[in-house]
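Remarks on the structure that follows.
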2 protein chains.
Amino acid sequence: MTLDDVARMSGVSRATASRSLSGNPSVRDATRLRVVAMAEALGYRVNHAAQALASGQTNVLGMVLPSGSLTDDRYRAQFIGAMSQAATQRDKGLMLWMTGLGDRAEPGLDRMVQSGMVDGVFVLSNGADKAWIDRTADREGVPVVLVGSRETQVGRCRVECDDLGGGKMVADHLAELGHRRVATITGPRSRLDSQYRLEGFRSGLAEHDIQLPGSAVVEGGFTHESGLAAMVRLLDYEPSAVFVANDQMAMGAYVALRGAGRSVPRDVSIVGFDDIPTSLSLAPPLTTVRQDVKHMSALAVDLMLRAIDGTAGPDERLISPTTLVERNSTRSLR
Amino acid sequence: MTLDDVARMSGVSRATASRSLSGNPSVRDATRLRVVAMAEALGYRVNHAAQALASGQTNVLGMVLPSGSLTDDRYRAQFIGAMSQAATQRDKGLMLWMTGLGDRAEPGLDRMVQSGMVDGVFVLSNGADKAWIDRTADREGVPVVLVGSRETQVGRCRVECDDLGGGKMVADHLAELGHRRVATITGPRSRLDSQYRLEGFRSGLAEHDIQLPGSAVVEGGFTHESGLAAMVRLLDYEPSAVFVANDQMAMGAYVALRGAGRSVPRDVSIVGFDDIPTSLSLAPPLTTVRQDVKHMSALAVDLMLRAIDGTAGPDERLISPTTLVERNSTRSLR
DNA sequence: CTGAAAGCGCTAACAA
DNA sequence: TTGTTAGCGCTTTCAG
């Protein structure tokens, strides 16, 4: 069942059959319809390898997830399903590589990328892969799109969420509830998302004339454990509300608070960031800033497609909006 | 940079260059070395599409994960990293499709499979996809390997873990600790893994002359919630130890027990199954039966490779051993 | 709007 | 052991 068969059976040349099936507008409607119907009737499927060889396009996208295990990064784990769906819906394959980049990469990764197995690659990492990214984008000519990651130094196409706006929403929410003695557990200072979230929070607070002294800001590492430790350190400050820069740390904060005999939200209100699926089933369900992972994934795939056909800028950044999801970990003081 | 260049620069024909690089033994050592060195020097990479077209092999494996979200199935989530690594190490690409199968499938899935994008596909599901599997294996001629899934009706190559042995180990462990009033929360009765785990447990118990009456066996659904509910129902039986057929349900059981003011392991010992990563960080850390996901993944990829080159039987089943990981959720009664 | 023809880069008989 | 020669199935100029 090749294109030749379809062509012969429809009484056209192979070229016309090809054009008809690829929707080339220079084919008379009647002809195209006939060919398409015949292809359908014969159960024809284009041969992927042949198409790729002839056209120079594989219709396969790669995705690199440097995280060792999906368990310690629930946030990133969400993307794999969303990205897979977004790609499949556009009829693109999604090749997955769970490996480090550069030195920490499996050697197979570069071999595959260099042999033209994919048209572009998504990178979902959080740092220190600049060299690899530059090399594959510039030297190999394989477009790279960063997703939800904040490589500070890399000027590449990327899609992120609105950290700044999210931080601000938290400030507004807390102010509205009447909190004035607030604190925050940030992500690593080195990361842009941490910085934006903090900045948004701080500026939002400022608008409500709420102070955020140095002792009310402690740095975490975006992990459950670091959230726990940070919250312990914050106990002395006795905040009535804490903005924790991601949900995983918020879960750690819950544990710390429970350990200290404090109740959420009676004694202290907690707001997270990300809205990972488990945040809903915590006790109490976590008020948090939602990142729309599906939306971000759709944006990422579309951006990639444009990068591949050259219609995207060299460093477009797409910001996906965030929303505040009010649940039961915050309480009004009024 | 094509094979032609490498051939020309090494003073051999394209055929010889191809043979040299693919390790064909019919090439004189000196020649091969020369070609390989030249290829290396020139930074040559085989063109994947051309190779696939000419050889009829893509070196890409597909993987279908019907689960909606990786969050509600932590067990399966582990496989995606492990499978990715196993594939990459053997220089195979791994294409991921997170979609249902059959009616619930994205239409893109079948299009891609039918266009020969992959040499074979792994299915990580748990049921009701027999029609799809049969069709792609038999009609499309694309080998299918089931991983950690228990499609009861499907006679296909598969790799599973030793559920029977695992269940038995739990019985031995509990008996050794002096428990005699034991109970179990099983997985869905319809699933083979549930059946095997229960059967192993029951037969192990029998060897120690321990009874397992009907009231001590309650069926769960392999989810956190079902584990909680099942444990609640088991409270009346007042078991001193409960074998819960997977870790996620065990977590639910923890919650139920805590809610009922019972302590683990003081009042009741709990044993899980799977050893998902979080089981280690529960309070108390969960004693459980470990499935070696990495090992299973390696077995699966190797089995697939054999299925592709026709050296595997039509329904080989590989059983990966399980091990008991003793942690702190079980206590000795002696 | 359609067809003829030239490859895309590689592998695999078949010869030598 | 190596080279010659056909393709693999498709896309895409270039004519018509």
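Read-outs: derived from the displayed coordinates by stated rules, not from any lab. Every value quoted in this text rests on a predicted model; they were computed, and no experiment measured them. Please note: Cβ atoms are built from the backbone with ideal geometry, for glycine as well, and neighbour counts cover all protein chains shown.
Label-point spacing for residue A:255 across the identical copies (point 7 Å from Cα in the Cβ direction), in nm and ascending order: 1.7. For region B:163-291, the gyration tensor built on C-alpha atoms gives a rounded shape. Its axis ratio a/c (a ≥ b ≥ c) stays under 1.5.
If you run the Gaussian network model on chain A, springs between alpha carbon atoms under 10 Å, then out of A:198, A:53, A:61 the most flexible one is A:53. Taking amide H atoms as placed 1.01 Å from N in the peptide plane, the amide H of residue A:221 lies under 5 Å from those of A:226, A:227, each 5 or more residues away in sequence or on another chain.
Listed by chain and number, the lysines whose C-alpha is less than 17 Å from the C-alpha of residue B:294, apart from same-chain residues fewer than 8 away, are B:92. Could you tell me what percent of the DSSP beta bridges with both partners in the protein assembly as shown are antiparallel, to the nearest 5? Bridges in the protein assembly as shown that DSSP calls antiparallel: roughly 10 percent.
Per-residue shielding of A:73-80, expressed as the average number of other chain Cβ atoms within 10 Å of the residue Cβ, stands at 3.
Counting Lys and Arg as +1 and Asp and Glu as -1 over every other residue whose Cβ lies under 13 Å from the Cβ of residue A:12, the net charge comes to +4.
Full extension of the segment from residue A:13 to residue A:292, taken as 0.36 nm per residue of separation minus the current Cα-Cα distance, would add 95.7 nm. Here the relative contact order of chain A, from alpha carbon pairs under 8 Å that lie six or more residues apart, stands at 16 percent. Would the protein assembly as shown count as rounded, prolate or oblate if I go by the C-alpha gyration tensor, calling it rounded below 1.5 in a/c and otherwise prolate when a/b exceeds b/c, oblate otherwise? In terms of gyration-tensor shape, oblate. Compared with the dominant Cα axis of chain B, that is its longest principal axis, helix B:247-259 is turned about 30°.
Mean sequence separation of contacting Cα pairs (under 8 Å, at least six apart), scaled by the length of region A:3-46, corresponds to a relative contact order of 40 percent. Spatial offset of region A:46-124 relative to region B:109-185 amounts to 25 Å, using the alpha carbon center of each. Using the Cβ of residue A:309 as centre and a radius below 14 Å, the other residues enclosed give a net charge of 0, where K and R count +1 and D and E count -1.
Label points for residue B:33 are taken 7 Å from Cα along Cα→Cβ. From this copy to the others they lie 6.8 nm apart, shortest first. A cut-off of 5 Å between modelled amide H atoms, ignoring neighbours fewer than 5 places along the same chain, links residue B:120 with B:62. Assuming a ≥ b ≥ c are the square roots of the Cα gyration tensor eigenvalues, decide whether chain B counts as rounded (a/c under 1.5), prolate (otherwise, with a/b larger than b/c) or oblate. Taking the square roots of the gyration eigenvalues as a ≥ b ≥ c, chain B is prolate. Computed per residue of the protein assembly as shown from DSSP H runs no shorter than four, each worth -39500 (n - 2.57), the mean residue ellipticity at 222 nm is -12500 deg cm²/dmol.
If we count every other residue with Cβ under 9 angstrom of residue B:247's Cβ, Lys/Arg +1 and Asp/Glu -1, where does the sum land? So the environment of residue B:247 carries a net charge of -1. Shortest first, residue B:323 label-point distances to identical copies amount to 4.7 nm, with the label point at 7 Å from Cα along Cα→Cβ.
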